[in-house]
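Q: So that we are looking at the same thing, I have put the structure below in C-alpha cells.
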Amino acid sequence: MFSMLSQLCRATPACIQVIMPKSKKNAHHQINLNDPQYYLNRELSWLEFNRRVLHEACDSRTPLLERLKFLGIFSSNLDEFFMVRVAALKQQVEAKVSQLPSDGRTPQQQLDEISSTLRPLVAKQHEQFEKVLRPQLAKHGIHILDYIDLSERQRNYLDKYYEEQVFPVVTPLAVDPSHPFPYISNLSLNLAVVVKNPETEEELFARVKVPTVLPRFLALPPDLGIHDDGKPAVWTGIPLEQAIAHNLESLFPGMNIQEYHTFRITRDADLELEEDEADDLLLAIEQELQKRRVGGSPLRIEIHSQTPESIRKRLLEDLELEENDVYEVDGIIGLKDLMYFMSLPVPELKDPPWQSVVHPRLLRIKEPNINPDVREIEEGKDFFTVIREKDLFVHHPYQSFSRSVVRFITHAAHDANVLAIKMTLYRTSFDSPIVNALIAAAQNGKQVSVLVELKARFDEENNIYWAKRLENVGVHVVYGLVGLKTHCKLIMVVRREQDRIFRYVHIGTGNYNPKTARLYTDLGLFSCNEDLGADVTDVFNFLTGYSRQKSYRKLLVAPVTMRDRFVSMIHREIENVHNGMSGRIVAKMNSLVDPEIISKLYEASRAGVQIDLIIRGICCLRPGIKDISENIRVISIVGRFLEHSRIFYFYNNGQEEIYIGSADWMRRNLDRRVEVITPIIDVDIAKDLQEILGIMLADNRQAWELQPDGSYIQRSLGEDSPEASSQKILMSMALTSNGIATSNIVNTKKSSLYLDG
C-alpha cells in the first residue's frame, strides 16, 4: 500500500512531514491554559458538525438522492442530540448544577445558544427540501405531491387505500374533561384536530397519531403516476399524514372538521440506571428500556409555522413546554423519513456503488471446514498461518469486513485446534454472522467468553437479545463492569499448534457490526505477537474477573494507563523541541473534548511542536490562537463514509510511534470506559498508517478547516490543484491492490463521496 500511494496521488505526501519548530520564544511566558476563552463548547461544536452534514445536502456536487439522505441524517442526528444532550442540560438546569464545562458556559447559556444556533439551520434544511430538492426530484420523475395537487383518479385510489389499509390502524383520541390529554410518544408524528359539534356548535379538540407501522410515504401505482414526455414516473405519492388528514370525517363521523395541524414530539430517552443498586444488570436495563419506550419528559415540539396561536398554546400547556422548545417548520415535518427514497432504483441519482475488496493476503486462504464429515482437500493457507507470518492490517470499508473479521471468527469456530475464543461486543447487527459463529464455536465444544456491553446507548435491546441467545448455548456472557462501559474492540483466539499455545488477537477501532462496517471507516490489526496476546489476556481477566492490573506491556488501556501514556507522549515531544530537536503529533479521532489533553496540546504548540488533528465531530480546542495554538491545525472530513477510525502518531525524534484503537480524547473514553489502544509494531503497517494520515491531511475536497472562533471553512481547489478526495484515493488504492482498474473512481470528477451512517 505504501508504494501504491505514490503512484496514485503524487500530490499527496507519501509520509507525514516533520517540520522543524518555528519558535520557542513563548515557552516560558506564563499563560493560564485552562482559561475558558481557549475552549470551544462541546454542544455548539457538535452543532457545527451537523451543519457540515447539512452542507452535503445543499452541495450541488452531491448526487440528488444522496442529498435527500443527508437531510435525513441531519434530522436523525438532531433527534438523538435532543434526546441525550439537550435532555442532560435541562436536567442540569433543574438541578442547579454549579460545575461548568471548560468553556465556562452555564447549562442555561448552552441551551440558549443551542436554540439560537439551531433555528436558522432547521429553517435552511426545510427550505432546501421544499424549494430546491423537491422540484429537482420532480424533474427526475420522483414526485412527492401534496394531497390537494392530486387528480380525481389519484384521490380515489388513495382514499380507497386509506379505507382498507390505514383507517383500521388509526385511533382518534378526544381531549375533554372526561378524556385527559393523551400521552404523546417520543418522536411520534401527530395531527392536532379541531372538530365542531353541529348540534351544540361546540368546538372540540382531538389528537390523531400517524401510525409508524405503515410507510411514511404512500406510493401511487405506475398507471396513476405522473408521466413526463410519455415516460412513467419513477415514483409518485404523498406523505401518509396527508391521506389521514383528508379523510378525518371517517374518524369523527357526524362532526364538522374545522382544522388540523401536524406536530411532532421529542422526549428525554437516556436511561437512568443506578448500577450500584442493581442486583441484576440485565433486568435493570430491561426495566429502563420499558420506560424509554414510553419516553421521559418532553424536550421539543416541531409544528408548522402557520399553526394558530390557540392550538400552539394548548399543546405547550398540555406538554409542559415553553416557547423556546418550539421549532417551526414550513413543509413536511420529520425529514429523517426521506431515507425511504434511497431504495428507489435510480443509480444515476446516487453515489457509484462500492464493493469492498478482499485484502490481498486473504485472497487464497482456505475456507473453514464447517462439515466435519468432509475431509479438507482445499489448497491454500489457513487464516492463522497468514497472521503468524506477519501482522495483518485491514482498512474498512475499503477492504472487506466479512472476508477478514467475520472469516477470522468463523475459522476459529470450526478449527479443531482452537481451544478458546474471547470477545467484546459493543454494537452488532441484529442478524449478526459474528454472533452466529460464536454460537457455533460453543456448540463445537470451545470455551467461548463474550463481554456484551448492555449499556451501549440505543443498542441495549439488541444486545440483550444476543446476550440471552449466547447464554442459552453455553457461552460465558459477562455484562460489563459497574461504573464503566466496555468500549474496546477485542477478539482473542487461543489455539494449540503442536506443543505450543498461540494467542491470535484482533484489535480494532470500530464495532463488530457487518452493516456499519460498509459505511464507517475503521481499522483492524490481526497479530499473534506474544506481548499483545498477554496484554489482551490481562484485559479480559480485568473484564471477567477480579483484577487490579496497573501496567501493560504494549497496550494503552483506559481507565488504567491510557491517559497518563498519552500525556507523557505529548510531553516527550515538548522535551524534544526544548532540546533542539523536532516535535510532531498527528491524531485522528471522532471527538476531542478532554481539557487535560487540550491543555497539554496547547503547551506543546507553545513549545513549537507541530500538531495536525483530524477530528470528525466535536472539537473543543481552538486552533490558531497567537501564543497559544498557532502551531495546531484542525480539519474535519465529511464524506460518503463516516470517518470513525482513531490513529495517533508521535514523531519521537525519529523513532516514530503510531497507535490505533477505540478511544477518542474525551473524559468518558479516558476515565469512564474500558478502552484499548495498540501500538503498531510492524514497520510496513506503520508506513501504511502514516500514508493514510498524509492523504487525509492533503484532502481538498471533503476537508473543512476549524477556525479559532469555532466555525469551519471548507477547503477549495486551487487554480492548478487537482481534486484530492481522501476517500476516493483510498478506494482507488484498495482496488489497485487487487489489480482492479480504478479510472472510474480516480478520474470521475462529477461523482463525489459522501457520509453514510
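Q: Only one of ASP330, ASP337 is among the charged types (D, E, K, R), touching a strand residue (DSSP E or B) at 6+ places or on another chain (Cβ under 8 Å) and at pLDDT 95 or above; which?
A: Of ASP330, ASP337, the one residue that is among the charged types (D, E, K, R), touching a strand residue (DSSP E or B) at 6+ places or on another chain (Cβ under 8 Å) and at pLDDT 95 or above is ASP337.
Q: Could you say whether any residue in region 665-672 is buried (at least 24 other Cβ atoms within 10 Å of the Cβ) and either touching a helix residue (DSSP H, G or I) at 6+ places or on another chain (Cβ under 8 Å) or under 22 Å from LEU525 (Cα atoms) (or both)?
A: Yes, region 665-672 contains a residue that is buried (at least 24 other Cβ atoms within 10 Å of the Cβ) and either touching a helix residue (DSSP H, G or I) at 6+ places or on another chain (Cβ under 8 Å) or under 22 Å from LEU525 (Cα atoms) (or both).
Q: For the structure I just gave you, tell me whether ARG563 is charged (D, E, K, R), assigned by TED's automatic domain parsing to the domain that holds ILE685, touching a helix residue (DSSP H, G or I) at 6+ places or on another chain (Cβ under 8 Å) and surrounded by fewer than 24 Cβ atoms within 10 Å (Cβ to Cβ).
A: yes
Residue-wise test of (1) modelled with pLDDT of 70 or more; (2) surrounded by 20 or more Cβ atoms within 10 Å (Cβ to Cβ); (3) touching a His at 6+ places or on another chain (Cβ under 8 Å).
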| residue | (1), (2), (3) |
| --- | --- |
| ASP684 | yes, no, no |
| ASP709 | yes, no, no |
| SER716 | yes, no, no |
| ALA724 | yes, yes, no |
| ALA741 | no, no, no |
| LYS749 | no, no, no |
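Q: Within region 406-424, identify whether any single residue is among the hydroxyl-bearing types (Ser, Thr, Tyr), touching a residue at least 24 places away in the same chain (Cβ under 8 Å), surrounded by 16 or more Cβ atoms within 10 Å (Cβ to Cβ) and assigned to a strand (DSSP E or B), and answer yes or no.
A: For region 406-424, residues among the hydroxyl-bearing types (Ser, Thr, Tyr), touching a residue at least 24 places away in the same chain (Cβ under 8 Å), surrounded by 16 or more Cβ atoms within 10 Å (Cβ to Cβ) and assigned to a strand (DSSP E or B): present.
Q: Across region 283-308, what is the number of residues that are among the charged types (D, E, K, R) and either modelled with pLDDT of 90 or more or closer than 16 Å to GLU322 by Cα (or both)?
A: Within region 283-308, residues that are among the charged types (D, E, K, R) and either modelled with pLDDT of 90 or more or closer than 16 Å to GLU322 by Cα (or both) number 2.
Q: Now a separate question. Do you know which residues across region 613-632 are within 30 Å of ALA517 (Cβ to Cβ) and in a strand (DSSP E or B)?
A: If the condition is that a residue be within 30 Å of ALA517 (Cβ to Cβ) and in a strand (DSSP E or B), then LEU613, ILE614, ILE615, CYS619, LEU621 are the ones that fit.
Q: Confirm whether GLU723 is in a strand (DSSP E or B) and of a type outside the set (Val, Ile, Thr).
A: no
Q: Out of region 607-640, which residues are crowded, with 21+ Cβ neighbours inside 10 Å and touching a Pro at 6+ places or on another chain (Cβ under 6 Å)?
A: Across region 607-640, the qualifying residues are GLY608, ARG622, SER629, ILE632, VAL634.
Q: Given the conditions (1) in a helix (DSSP H, G or I); (2) not assigned by TED's automatic domain parsing to the domain that holds GLY334, and given that VAL132 satisfies all but one, which numbered condition is not satisfied?
A: (2)
Residue-wise test of (1) in contact (Cβ under 8 Å) with a residue 40 or more places away in the chain; (2) in contact with a Phe, Trp or Tyr (Cβ under 8 Å, 6 or more places away or on another chain).
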{"site": "PHE641", "(1), (2)": "yes, yes"}
{"site": "ASN653", "(1), (2)": "yes, no"}
{"site": "ILE658", "(1), (2)": "no, yes"}
{"site": "GLU675", "(1), (2)": "yes, no"}
{"site": "ILE680", "(1), (2)": "yes, yes"}
{"site": "ASP684", "(1), (2)": "yes, yes"}
{"site": "ILE695", "(1), (2)": "yes, no"}
{"site": "PRO708", "(1), (2)": "yes, no"}
{"site": "GLN714", "(1), (2)": "yes, yes"}
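Q: Please identify the pairs in which a residue from region 210-239 that is within 18 Å of GLN165 (Cα to Cα) has its Cβ atom under 7 Å from the Cβ atom of a residue that is among the acidic types (Asp, Glu), counting only partners at least 6 apart or on another chain.
A: Close Cβ pairs satisfying both conditions: VAL210/GLU241; ARG216/ASP337; ILE238/ASP146.
Q: Now, a different point. Residue under question is ARG153, and the condition is that it be loosely packed, with under 12 Cβ neighbours inside 10 Å and part of a helix (DSSP H, G or I); does it hold?
A: Considered against the rule, which asks whether it is loosely packed, with under 12 Cβ neighbours inside 10 Å and part of a helix (DSSP H, G or I), ARG153 comes out as yes.
Q: Looking at VAL435, is it under 29 Å from VAL358 (Cβ atoms), assigned by TED's automatic domain parsing to the domain that holds ALA517 and out of contact with any strand residue (DSSP E or B) (no Cβ under 7 Å at 6 or more places or on another chain)? Give the derivation first.
A: On the way: under 29 Å from VAL358 (Cβ atoms): yes; assigned by TED's automatic domain parsing to the domain that holds ALA517: yes; out of contact with any strand residue (DSSP E or B) (no Cβ under 7 Å at 6 or more places or on another chain): yes.
So VAL435 passes the test.
Q: Something else now. So, in region 118-138, of the ones that are within 12 Å of LEU335 (Cα to Cα) and among the polar types (S, T, N, Q), which residue ends up surrounded by the most Cβ atoms within 10 Å (Cβ to Cβ)?
A: Among those that are within 12 Å of LEU335 (Cα to Cα) and among the polar types (S, T, N, Q), it is GLN125.
Q: Further, regarding this structure: Hey, can you tell me all the residues within region 639-697 that are part of a loop (DSSP other than H, G, I, E, B) and either assigned by TED's automatic domain parsing to the domain that holds VAL536 or among the aliphatic types (A, V, I, L, M) (or both)? Show your work before the answer.
A: If we filter region 639-697 for residues that are part of a loop (DSSP other than H, G, I, E, B), which is where we start, we get 639-641, 644-646, 651, 655-656, 662-664, 666, 672, 680-682.
Within region 639-697, ALA663, MET666, ILE680, ILE681 meet the criteria.
Q: Next question, about the same structure. Can you confirm whether THR171 is under 14 Å from GLU241 (Cα atoms), modelled with pLDDT under 95 and assigned by TED's automatic domain parsing to the domain that holds ARG312?
A: The answer is yes for THR171.
Q: Any idea which residue in region 159-190 is surrounded by the fewest Cβ atoms within 10 Å (Cβ to Cβ), counting only those that are of a type in the set (Val, Ile, Thr) and touching a strand residue (DSSP E or B) at 6+ places or on another chain (Cβ under 8 Å)?
A: So, considering only residues that are of a type in the set (Val, Ile, Thr) and touching a strand residue (DSSP E or B) at 6+ places or on another chain (Cβ under 8 Å), the one surrounded by the fewest Cβ atoms within 10 Å (Cβ to Cβ) is THR171.
Q: If the Cβ limit is 6 Å and pairs must be 6+ apart or interchain, which residue in region 56-73 that is of a type in the set (Val, Ile, Thr) pairs with which residue that is surrounded by 20 or more Cβ atoms within 10 Å (Cβ to Cβ) and outside any helix (DSSP H, G or I)?
A: If the second residue must be surrounded by 20 or more Cβ atoms within 10 Å (Cβ to Cβ) and outside any helix (DSSP H, G or I), the pairs left are THR62/TYR754.
Q: I need a count of the residues in region 579-595 that are more than 17 Å from GLN610 (Cα to Cα) and surrounded by fewer than 17 Cβ atoms within 10 Å (Cβ to Cβ).
A: So the count comes out to 0.
Q: Shifting gears a bit: Which count do you get for residues in region 161-208 that are within 38 Å of the chain's Cα centre (by Cα), over 26 Å from GLN306 (Cβ atoms) and not in a loop (DSSP other than H, G, I, E, B)?
A: Qualifying residue count, region 161-208: 2.
Q: Can you name the residue in region 378-400 that is part of a loop (DSSP other than H, G, I, E, B) and in contact with a helix residue (DSSP H, G or I) (Cβ under 9 Å, 6 or more places away or on another chain) and, of all such residues, is nearest to ILE692 (Cα to Cα)?
A: Filtering region 378-400 for residues that are part of a loop (DSSP other than H, G, I, E, B) and in contact with a helix residue (DSSP H, G or I) (Cβ under 9 Å, 6 or more places away or on another chain), the one nearest to ILE692 (Cα to Cα) comes out as TYR398.
Q: If GLN99 meets every condition in (1) part of a helix (DSSP H, G or I); (2) of a type outside the set (A, V, I, L, M); (3) modelled with pLDDT under 95 apart from one, which number is that one?
A: Among (1) part of a helix (DSSP H, G or I); (2) of a type outside the set (A, V, I, L, M); (3) modelled with pLDDT under 95, the lone unmet condition for GLN99 is (1).
Q: Can I ask one more? Quick one: which of ASN541, ASN576 is polar (S, T, N, Q), buried (at least 21 other Cβ atoms within 10 Å of the Cβ) and outside any loop (DSSP other than H, G, I, E, B)?
A: Criteria check complete, one pass: ASN576.
Q: Same structure, new question: Which members of region 425-436 meet the condition of being free of Cβ contacts under 8 Å to residues at least 40 places away in the same chain and buried (at least 22 other Cβ atoms within 10 Å of the Cβ)? First the steps, then the outcome.
A: Of the residues in region 425-436, the ones free of Cβ contacts under 8 Å to residues at least 40 places away in the same chain are 430-431, 435-436.
Listed by number, the list holds a single entry, VAL435.
Q: Could you grab me the full set of residues in region 545-562 that are touching a residue at least 60 places away in the same chain (Cβ under 8 Å) and more than 14 Å from TYR659 (Cβ to Cβ)?
A: Here is the first cut: in region 545-562, the ones touching a residue at least 60 places away in the same chain (Cβ under 8 Å) are 554-559, 562.
Of everything in region 545-562, just one residue is touching a residue at least 60 places away in the same chain (Cβ under 8 Å) and more than 14 Å from TYR659 (Cβ to Cβ), namely PRO559.
Q: Could you list, in sequence order, all residues of region 506-538 that are without any contact (Cβ under 8 Å) to a residue 40 or more places away in the chain, within 16 Å of TYR659 (Cβ to Cβ) and surrounded by fewer than 22 Cβ atoms within 10 Å (Cβ to Cβ)?
A: Answer for region 506-538, where residues must be without any contact (Cβ under 8 Å) to a residue 40 or more places away in the chain, within 16 Å of TYR659 (Cβ to Cβ) and surrounded by fewer than 22 Cβ atoms within 10 Å (Cβ to Cβ): just ASP531.
Q: Sticking with this one: Scan GLU453, GLU471 and give me the residue that is free of Cβ contacts under 8 Å to residues at least 12 places away in the same chain, among the acidic types (Asp, Glu) and farther than 30 Å from ALA734 by Cβ.
A: Working: GLU453 fails: free of Cβ contacts under 8 Å to residues at least 12 places away in the same chain.
Among GLU453, GLU471, only GLU471 is free of Cβ contacts under 8 Å to residues at least 12 places away in the same chain, among the acidic types (Asp, Glu) and farther than 30 Å from ALA734 by Cβ.
The values are calculated or read from the model by the stated rules, or taken from the named source; none is laboratory data. Just so it is clear, the model here is predicted, and its values are computed rather than measured. For neighbour counting, all protein chains shown are included, and Cβ atoms are generated from backbone atoms with ideal geometry for every residue, glycine included.
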